1. Can you find a residue that is at pLDDT below 95, among the polar types (S, T, N, Q) and either farther than 14 Å from Phe13 by Cβ or not in a loop (DSSP other than H, G, I, E, B) (or both) anywhere in the stretch 88-96?
2. If Asn35 satisfies all but one of (1) under 19 Å from Gly116 (Cα atoms); (2) surrounded by fewer than 15 Cβ atoms within 10 Å (Cβ to Cβ), what's the number of the condition it fails?
3. Which residues, counting only those in the stretch 14-27, are in contact with a Lys or Arg (Cβ under 8 Å, 6 or more places away or on another chain), at pLDDT 95 or above and buried (at least 20 other Cβ atoms within 10 Å of the Cβ)?
4. Of all the residues that make up the stretch 104-116, how many are touching a Ser or Thr at 6+ places or on another chain (Cβ under 8 Å), under 16 Å from Gln60 (Cα atoms) and surrounded by 11 or more Cβ atoms within 10 Å (Cβ to Cβ)?
5. Tell me the residue from Lys100, Lys66, Lys91, Lys62 that is surrounded by 15 or more Cβ atoms within 10 Å (Cβ to Cβ), of a type outside the set (A, V, I, L, M) and either touching a Gly at 6+ places or on another chain (Cβ under 7 Å) or at positive phi (or both), please.
Amino acid sequence: SNILIADNDIFSFTDGVNDKPFTIEFDFTCTDIDNLNQILVEKIDTITGEWLCFITTSNQLKFQLKDQTEGGNINFTTNESIIENQEYNVKITYDTVNVKIYNNNILMPTTLASVGIYIAMRNTTSPIYIGRRVSGGTFPYKGTMKNLRFYNYEKL
């Protein structure tokens, strides 16, 4: 199953021109690594979006920021694979320059990749989806998630 949270500007980490700092934190356990993109949480609709966090086809955790313009984004992918049935406490922080991904308060090495130009996130009316992807097909998350928290500052 999945959860939809209606749009609210408290989940948009931008003023429409500049990004604002934030932290997203949650616990999860993936019960079926199937080499498909599995969406954990995202603020995106079928056309546009702001940000998303998912397990990649290579079983790595990826966080993506979507640019104000169509097509631009910046991706932060962990260098370590997600292990099936292992519990993770993930904290994703952003200080408006750098994204850092922590597991159990330990900074995970990440690879940075850009597509197009990234200037700042858009502010859309997209809802938050937990456990499924709306854009580009459905990629359901197979596992558990709890203690999802959002902060409007970089929580170290």
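The values are calculated or read from the model by the stated rules, or taken from the named source; none is laboratory data. What you see is a predicted model, and the numbers here were worked out from it, not measured in a lab. Please note: Cβ atoms are built from the backbone with ideal geometry, for glycine as well, and neighbour counts cover all protein chains shown.
1. Checked the stretch 88-96: no residue is at pLDDT below 95, among the polar types (S, T, N, Q) and either farther than 14 Å from Phe13 by Cβ or not in a loop (DSSP other than H, G, I, E, B) (or both).
2. It is condition (1) that Asn35 fails.
3. The answer is Thr23, Ile24.
4. 4
5. Details: Lys100 fails: either touching a Gly at 6+ places or on another chain (Cβ under 7 Å) or at positive phi (or both); Lys91 fails: either touching a Gly at 6+ places or on another chain (Cβ under 7 Å) or at positive phi (or both); Lys62 fails: either touching a Gly at 6+ places or on another chain (Cβ under 7 Å) or at positive phi (or both).
Answer to the check: Lys66.
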